[in-house]
C-alpha cells in the first residue's frame, strides 16, 4: 500500500508533465476547442494521451533497446515527424474554422473517431518524446527495483489519468474563454496555429537534412 501511495501521485504528475509542453498537439487542441467545441478537442487529447501511454510503456519495459533505436534512427525519425507535421499544418491552414463554428452542437458522432486518431498520430509522430519520458522517470524515481505487476499497472493508470486530467482542464479553460473570441479572431488563431506547426515541421526537416548532409 505504501508503494502505491508513493507511485500514484508521481505517475499522475508524469502524465500531466508529458502533456504540458505547448507543442503541436496542445495548440491543435486549443484551436479545436474554439472551432469545434470542447468534447471533440477533449477526444483529441485522449488520442494524445494514449500515444503518450504507449511511449511510457516502451520506456518502462524496454528502456535500453528503445533509447538505442532512437539514437540510431534519430535523423530519420525527425525527418518523418517534420514531414507529417508540415502536411498537417497545410491542411489546417486551408480549413475554414468558421464553418465548423456554426455547427459545434451538431457534430456527427463518427467525427470523434477522426479527432481521436488525429491526436494519436500527431503525438505518435514525435518519438523523441521518449527522452523526455526517460528523464521524468529518472527525476521522479518511479521505477523502483522491488515493485511488482500491480504497481506497474497502477503506475501506467496514473500516467494515463494525469494526461487525461491535463487535457480536461485545458479544454475546460479554453471553452470558458471561448465566448470572448469572435469569428475573425478564430480565423486568425487557426492561421497562426497552422503557421507555427508548419515552422516546427520545417525546422525538423531542415535539421534532419543538415544531419544527413554531414560528412
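When 150, 83 are arranged by Cβ crowding within 10 Å, least crowded first, meaning fewest neighbours, the order is 150, 83. Sorted ascending by nearby beta carbons within 10 Å, beginning with the fewest, 206, 118 become 206, 118. For the pair residue 94 and residue 202, label points projected 7 Å from Cα toward Cβ lie 1.8 nm apart. Exposure proxy shown here: for 213, 4, 177, the number of other Cβ atoms within 10 Å sets the order, fewest to most, as 213, 177, 4.
We did not get these values from a lab; they are worked out from the coordinates using the rules stated. Remember, it's a predicted structure, so these values are computed and weren't measured experimentally. Note that we place each Cβ from the backbone using ideal geometry, even for glycine, and neighbour counts take in every protein chain shown.
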